[in-house]
Amino acid sequence: YARLTVMGEPPSVSAYVVKLVMIAIVCISPAVALSYYIRCKLLDRYVLRAFLQPLLFCFVAICFLWMMWDMLDSLRDFQEAKTPVGRIIAFYLSLVPYIFVETIWAVLLLSTLFTFTRMSRSNELISMLGTGRSLGQIIRPVFFVGLLVSIVSMAANYYWAPRAEGNRQAIMLALSESD
């Protein structure tokens, strides 16, 4: 047992290196996003801000709905184990990487549709196309955010999401066994 990792598998140097690379990618991603934001033009910044607002709202809303849905299933177990509210909140906050990996594709889709529908309704896309910008130039910030979120999702899916779901299953199993 001393030769196994926390997750129960034998240690691997290559897996450890990949984990460190994924953590480095996640740590570097805010700096990459900030440098892109600083270097982009005014219309790109406008599209980026118009896209990031619904992206953040959709993620928070879906995350909250996921937690509420899960809490409805497991609230009785928490009550029977007399779990303090602080621990329940910490439990659900530890699930955020798993929820992120599971729902980010839907969040990206919804926020993209919302952003471009709103821009189309107010003829902003026509105005941007009228200034000589191509459609590719207009949607470039959205593609950049999608690429960055995909890379962060890959890192979360490699390390944090399996741990979060494993911890969730272990805690729920311990709560059901304590009855």
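The values are calculated or read from the model by the stated rules, or taken from the named source; none is laboratory data. None of the values given here were measured: they were computed from a predicted structure. Neighbour counts run over all protein chains shown; Cβ positions are idealised from the backbone, glycine included. The protein model used for the area step is the full one, side chains on, heavy atoms only, and it has no ligands, DNA or RNA in it. Shrake-Rupley method; radii C 1.70, N 1.55, O 1.52, S 1.80 Å.
Quick notes on this one:
- Which listed residue, of Leu108, Leu125, Leu129, Leu148, is assigned to a helix (DSSP H, G or I), of a type outside the set (Val, Ile, Thr) and within 16 Å of Gln53 (Cβ to Cβ): Leu108
- The range 1-43 - residue that is loosely packed, with under 10 Cβ neighbours inside 10 Å, hydrophobic (A, V, I, L, M, F, W, C) and over 15 Å from Trp160 (Cα atoms) and, of those, modelled with the lowest pLDDT: Ala2
Here is a yes/no grid of residues against (1) surrounded by fewer than 17 Cβ atoms within 10 Å (Cβ to Cβ); (2) modelled with pLDDT under 95; (3) hydroxyl-bearing (Ser, Thr, Tyr):
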site	(1), (2), (3)
Met68	yes, yes, no
Leu75	yes, yes, no
Tyr92	no, yes, yes
Met119	no, yes, no
Ile151	yes, yes, no
Trp160	no, yes, no
Gly166	yes, yes, no
Gln169	yes, yes, no
Leu173	yes, yes, no
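- The range 101-117, residues that are closer than 30 Å to Ala170 by Cβ and open to solvent by 40 Å² or more (accessible area, probe 1.4 Å): Glu102, Trp105
- Some residue of the range 138-145 being free of Cβ contacts under 8 Å to residues at least 60 places away in the same chain and surrounded by 13 or more Cβ atoms within 10 Å (Cβ to Cβ): no
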